[in-house]
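**Q** First, the structure itself, so that you have it in front of you.
What follows draws every value from the coordinates through simple rules; no lab data is involved. The structure displayed is predicted, hence computed values, not measured ones. Reconstructed Cβ throughout: ideal geometry from the backbone, glycine too, with neighbour counts over all protein chains shown.
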Amino acid sequence: MKLNLVKASTGASWVRQGVRTFWRQPIALGGLFFIFISLMSVFAIVPRIGNVLAIVCIPAASLGLMQAASLANQGQFPMPGVLFSAFRAAPERRQQMLVLGILYAGAFVGVLGLSSLFDGGVFAQLYLFGGRITPELVNTPGFETAMWFCTLLYVPVSATFWHAPALVHWHGVPAFKSLFFSLMACFTNWRAFGVYLLTWTAISMGFSFSLIVVMSLFDLNALSGATLIPALLVLAAMFFTSSFFSYRDCFEPQVNEQA
C-alpha cells in the first residue's frame, strides 16, 4: 500500500468525477443511498441504542457506497447487495470492520459527550434519542455553541475514518492501522481535501439558494421544503460517490476493488 501526494486541484476533480459517475447510474446510486438512509432510520426505531447501532454500521455502509461508485465508474450497474460488501468479506476483515464501527461510534458519542460541557447535554440527547427542534430548544443556553463545537471537532474524526473502511476491506489493513493511514492521507493531502470540501460547500449553498429564489419568484414557497430535501439527498448521494475517488487517488488501488 502506497500513499500518494496529490495536487490541490485534485480536490475539485474528485467532485467532478463524483457528479459525473452519479449521473451515469443515477437510479442505482440514488437508490442505494436511499436504502442506506432507510436502514439508518430503521435502526433509530430501536429504543435507546438504535442511533448508536446505526452509527456503528456507518463505516461498513460507506464502504458499500464506495464499492457502488467503483462499479458505476467502470460502467457496471451496482445491485443493492453491493451495499453489504463489507459483510460478505473474509471473516478477519468483517471482524476488523466491526471494530472500526465500534471505534467510530465511540468517537462520535465522545464528541457529543464533550458538547455537554456547553449545554448540559441537550444537543447530544437530541441527536442520539431524537426529538423536535423548536425555537425554545435552539435558544437553550449553549445549544448553538455545542452544535458548532461538534461540527468543528468532527472534522478530525472524519479525517481519521475517511479512508479507513476502504483500507480495511480492500487492503486488509487492521482497524487501528487504517485510522492512522487515513489520517496521514488527509493530513498529507490537506490542500486537496480543503478544495474538495469548499467545492461541495459552494455547490450545496449555491443550489439551495438558487432553488429558494426560483420558488419565491414563482410563488411556490409551499413546495420549497418538499423540493429542497430530496434535492439535498441527491447532492449527498453524489458526495458519497465522490469519496471513492479521493480514496483511489490517495492510495494505490487494489486489484480486488470489485470484491
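**Q** Taking Rh as the Kirkwood radius computed over C-alpha pairs, what is the Stokes-Einstein D of the stretch 162-207 at 4 °C in a medium of viscosity 1.567 mPa s, expressed in µm² per second?
**A** Value of D from the Cα-based Kirkwood radius: 111 µm²/s.
**Q** Could you work out which residue, out of F176, F209, F108, moves most in a Gaussian network model of the chain, that is, has the largest mean-square fluctuation with Cα springs under 10 Å?
**A** F209
**Q** F143: net charge of surrounding residues, Cβ under 13 Å, Lys/Arg +1, Asp/Glu -1, itself excluded?
**A** Surrounding charge for F143 is -3.
**Q** Starting from the Cα coordinates of the stretch 1-102, work out the convex hull volume and express it per residue in Å³. Walk me through the intermediate numbers first.
**A** Working: hull volume 13.6 nm³, N = 102.
Enclosed volume per residue, from the Cα hull, is 134 Å³.
**Q** Given a cut-off of under 8 Å on Cα pairs at least six residues apart, what relative contact order in percent is computed for the stretch 10-250?
**A** 30 percent
**Q** Note down the Stokes-Einstein diffusion coefficient of the chain in µm²/s, whole number, using a Kirkwood radius over alpha carbon pairs, 20 °C, and 1.002 mPa s.
**A** 110 µm²/s
**Q** Which order do the peptides 168-175, 87-94 come out in when sorted by mean C-beta neighbours inside 10 angstrom, highest first?
**A** Details: 168-175: 22.4, 87-94: 14.2.
Top of the packing list down: 168-175, 87-94.
**Q** Based only on other Cβ atoms within 10 Å, what is the fewest-to-most ordering of S242, S158?
**A** S158, S242
**Q** With springs only between Cα atoms under 10 Å apart, run a GNM on the chain and tell me which of R24, R48, R16 wobbles the most.
**A** Comparing R24, R48, R16 in a Gaussian network model of the chain, the most mobile one is R48.
**Q** Also: Sort I49, I55 by Cβ crowding within 10 Å, fewest neighbours at the top.
**A** I49, I55
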